[in-house]
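What follows is calculated from the coordinates using simple rules that are stated; it is not laboratory data. Since the structure is predicted, the reported quantities are computational estimates derived from the model, not experimental observations. Glycine also receives a Cβ, built like all others from the backbone with ideal geometry; neighbour counts cover every protein chain displayed.
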């Protein structure tokens, strides 16, 4: 009997994976209509006179442009007729692409509360343009605006994933009119990378309406809009990028007070960045005396679990052409640029300079990065190298290689070498698509000559309105250690599979969508194949209303096996959890009232057994936006652990106030508190965005702590930063 149970456990993932394929080929109750996207193309006209970007569609200003009006609803009910019309116009001059739109709507129903440039428009009425200048179905850019004319741009790190941390120089404006709103965009050719010999670009447009949670688009497939699902515009010729040279001088002045040491310090730091288009498709980026002042404050992560977490990159130099350097996902990546220019505690380390060459060359995507990090904390000055190459295969797939060299946290030599292959096909029958990825990595560190590799395989069958499934296997060997990257587990093999369904309703009152899913994740130790952890995640239901409100309930069944030498959860809280095997069940309800309303609320929680005892947690966020000029957000996270004979709790409180005077001028005030280290932080960030690429910041920060936990906080550090950045474009 014991052998039988062991065989069932060791092969349970194969059974789950088999069921995924069975379900995938079962016809859905709601079959999406399939249309011929081959006809989605147009000839873009060239004009001599550029329009004025003021959001007003002046008479005759767009008379020579191509008009695109045949949009359909892509979500929630794909290929149905839109409730309102949306018209786009396209044209170009030698220097820029111009796009405008007339978005028909009831002005009283518009959601337009965001006024600050480069701020998320997720819960705003908005329009978007997706550009794939290489027309390779794998890469591209997104440009968004709302009825306030706010700019928000993104770069696609893969055919289906995008990052809104990326930024470039462009212009947009919008106006609310009596029957909707109008918008205009100017996208300079100097701001994007393209092949001048290619007259045809991939393109798509969409419009999102918050009042009904609908998306209308020109081209869609399985409810998606991205570079792999797009039409074409052709006719580009003689595009002008000038010299292709951006010179970006920056000057920052810092004043710091260390209240504990009783010392003051000030610094005036000039820095310099340069971007030069070696070719229209290949960028050279240089940085000297690199300054990362005025970078946004990270959200607090208490990191009290079994495994480490990582912070996202917010620094502009590393975000340039970040799509080319993308490799790996989730808990593992060979390149985590947050390890560069920061020590293990998050304190900045000076960077002498760096260079980056990235773009497209002869059918290949290439990226190289060289950084010189100065001496700090016993670590010698370090040279860091990164190289990346990708090549397109088939219609939408690609093959690549990756190399890193250097260790910014020690004096060791370290390197990581890898290769990856991604297969995509967005033209399967019944409006389906598939994505599959394989990658392999190996590290080379002193004294470690074996068990230093990692590999990954996954298959994904997504769906917007029917059954979906995915499966993954990933192995990370015990000595795998990417010093420039991130890996939160080693010595394990992960199995993961998920199956779910989305039911879309129309004309059934307030309910618009019901989703449910089952996900199984298991990690096995590689040395003896025993289970390290197993989580069975059952999402009983997720209900979404026509207004965007959501209600969900999840049940998790977990098995966790702790070894004596491993980091135990809650160790930072002084809680001792003995090595051993733990099985428990947890329940996680959540409710969210759409942020498209002036007053919004998010609430989620969890309760149940936890290792040697029980725990419960709650996370809530209240948002209030009385006008587009003012917003308040208060979030509170609380966890309580009752573990055998020990009790502990964690609290994180964050309050944010944003005062927006115009899309260009804003003040963000942030207060953060967490009780694990008993720290309290204040941060005020005034930004004046004179125009795209030209900024003035003033940042004031103050840190306090309560080490003896008597309720009285002591000053730790105060800093003030003034920074000016100006882009000279030739």
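Given the -39500 (n - 2.57) contribution per DSSP H run of 4+ residues, what per-residue ellipticity at 222 nm results for the chain, rounded to the nearest 500 deg cm²/dmol? Intermediate values should be presented prior to the final figure.
On the way: 3 runs with 26 residues, N = 730.
Per the formula, -1000 deg cm²/dmol.
Highest mean first, the peptides 548-554, 96-102 sorted by other C-beta atoms within 10 Å per residue fall in the order 96-102, 548-554. Extension gain for residue 591 to residue 52 (0.36 nm times residue separation, less C-alpha to C-alpha distance): 189.6 nm. For segment 543-680, what does the alpha-carbon gyration tensor say about shape, rounded, prolate or oblate, given a ≥ b ≥ c as the root eigenvalues, a/c under 1.5 as rounded, and a/b over b/c as prolate? Judged from the Cα gyration tensor, segment 543-680 comes out oblate (a/c at least 1.5, b/c at or above a/b). Of [x] 39.9, 130; [y] 26.4, 90; [z] 26.3, 82, which is the value of Rg and Dmax of the Cα atoms in Å derived from the coordinates here? Only one listed value fits the structure, namely [z]. Within segment 82-105, whose backbone N sits under 20 Å from a point 7 Å along Cα→Cβ of residue 691? Within reach of a label on residue 691, which here means backbone N under 20 Å from a point 7 Å along Cα→Cβ, segment 82-105 contributes 92-100. The slack between residue 85 and residue 198, meaning 0.36 nm per residue of separation minus the straight C-alpha distance, is 37.5 nm. One chain, two ends: residue 251 and residue 678. Fully extended at 0.36 nm per residue, the span grows by 150.3 nm beyond their Cα-Cα distance. Note on residue 450 and residue 104: with the Förster distance fixed at 56 Å, the Cβ-Cβ geometry gives a FRET efficiency of about 0.30.
Only Cα pairs under 8 Å and at least 6 apart count here; give the relative contact order of the chain as a rounded whole percent. Could the numbers behind the result be given before it?
Numbers: 1956 pairs, mean separation 74.6, N = 730.
Here the relative contact order equals 10 percent.
Packing-based ranking of 673-680, 493-500 yields 493-500, 673-680, ordered from highest to lowest mean Cβ neighbour count within 10 Å. Computed from label points 7 Å out along Cα-Cβ, the spacing between residue 530 and residue 70 is 6.4 nm.
What percent does the relative contact order of segment 31-234 come to when contacts are Cα pairs within less than 8 Å and at least six residues apart?
Values: 513 pairs, mean separation 54.5, N = 204.
Normalised by residue count, the contact order of segment 31-234 is 27 percent.
Take the Cα of residue 478, step 7 Å toward its Cβ, do the same at residue 260, and the gap between the two points is 3.8 nm. Averaged over residues, the count of other Cβ atoms within 10 Å places the peptides 516-527, 469-480, 221-232 in the sequence 221-232, 469-480, 516-527, highest first.
Between segment 200-267 and segment 620-677, what is the C-alpha centre distance in whole Å? One Cα centre to the other: 26 Å. Enter the Cα centre distance for the pair segment 483-542 and segment 421-480, rounded to the nearest angstrom. Centre-to-centre (Cα) distance: 15 Å. For segment 31-234, the square roots of the Cα gyration tensor eigenvalues, ordered a ≥ b ≥ c, give a/c below 1.5, which places it in the rounded category. The distance linking segment 133-159 with segment 73-111 is 15 Å (Cα centroid to Cα centroid, whole angstrom). Oblate is the label for segment 222-287, because the ratio a/c of its alpha-carbon gyration tensor axes (a ≥ b ≥ c) is 1.5 or higher and a/b is not greater than b/c.
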